[in-house]
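Written below as structure tokens is the structure these notes are about.
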Amino acid sequence: MNRSRNGVCAAAALAMGFGLSAPVHAENWKVIGQFGWFGVGKAQQLEKGHVYWVGEFSGTFFNDKGKGSVFDQAGIKCPAFNDLDFNNKKSKAAGNCIFSDTAGDQAYASWQCEGDTVTCHGTFDYTGGTGKYQGINGHNTFTGVTQVNWPDGTASGYATWNR
């Protein structure tokens with residue numbers, strides 16, 4: 001009987017050990033937080049009041065759950081485009097993102113959004129990952145906001161990730 005209990009305890013300890021080193025579970029990939037970004041690229045005027053921008057949004061994500069949570073303080077780079085029609089107050093943007101944490105593990109996502117020329121509502125879908133993000137899947141929604149269009153063609157803003 002004592003041998004049986006030791007076997008159960010050993011199995012439980014082994015299972016807990018695997019649980020601590022296992023990849024993040026899918027339900028935890030739906031994160032809520034803020035992505036502060038800076039956009040650098042090249043803008044082309046298609047017509048007066050209509051600009052097509054190609055470049056990269058990059059910055060840092062802060063998970064609402066805080067330090068140690070999924071993607072908290074991860075660096076993010078998103079090559080993208082943004083079609084801004086100021087005449088009709090419409091925009092459409094899309095691209096791909098690479099999330100990298102301090103351990104070097106990465107997750108990848110494709111995204112798209114539409115809105116006016118300040119606020120854009122959209123979704124992103126995970127497309128893959130490395131390390132603890134290997135096998136990542138699912139999607140999130142977000143709202144992107146452009147805070148400042150700088151005179152040099154860059155932009156600053158943030159995106160709020162929702163569930």
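Here, each number is a calculation from the coordinates, and none is a lab measurement. Note that the structure is a prediction, hence the values are computed from the model and not measured.
Taking 37 °C and 0.692 mPa s as conditions, region 104-163 diffuses translationally at an estimated 254 µm²/s according to Stokes-Einstein applied to its Kirkwood radius (Cα pairs). Phi-derived couplings, Karplus 6.51 cos²θ - 1.76 cosθ + 1.60 at θ = phi - 60°, listed residue by residue for region 89-97: 6, 9, 9, 9, 9, 6, x, 10, 10 Hz, with x used for Gly and Pro. The phi-based Karplus calculation (6.51 cos²θ - 1.76 cosθ + 1.60; θ = phi - 60°) puts the 3J(HN,Hα) values of region 31-46 at 9, 10, x, 10, 10, x, 10, 10, x, 10, x, 10, 10, 10, 7, 7 Hz, whole numbers, x for Gly and Pro. Under 5 Å from the amide H of Asn162 lie the amide H atoms of Thr141, Phe142, Thr143, each residue being 5 or more positions distant or on a separate chain, with H modelled from the backbone and absent for Pro and chain starts. Listed by chain and number, the lysines whose alpha-carbon sits under 16 Å from that of Lys48, ignoring those within fewer than 8 places in the same chain, are Lys89, Lys90. Amide H contacts of Lys90 (H built 1.01 Å from N, in plane; Pro and chain starts excluded): Asp85, Thr117 sit under 5 Å, all sequence-distant by 5 or more or on other chains. Annotation for region 45-70 versus region 29-44: alpha-carbon center distance of 2 Å.
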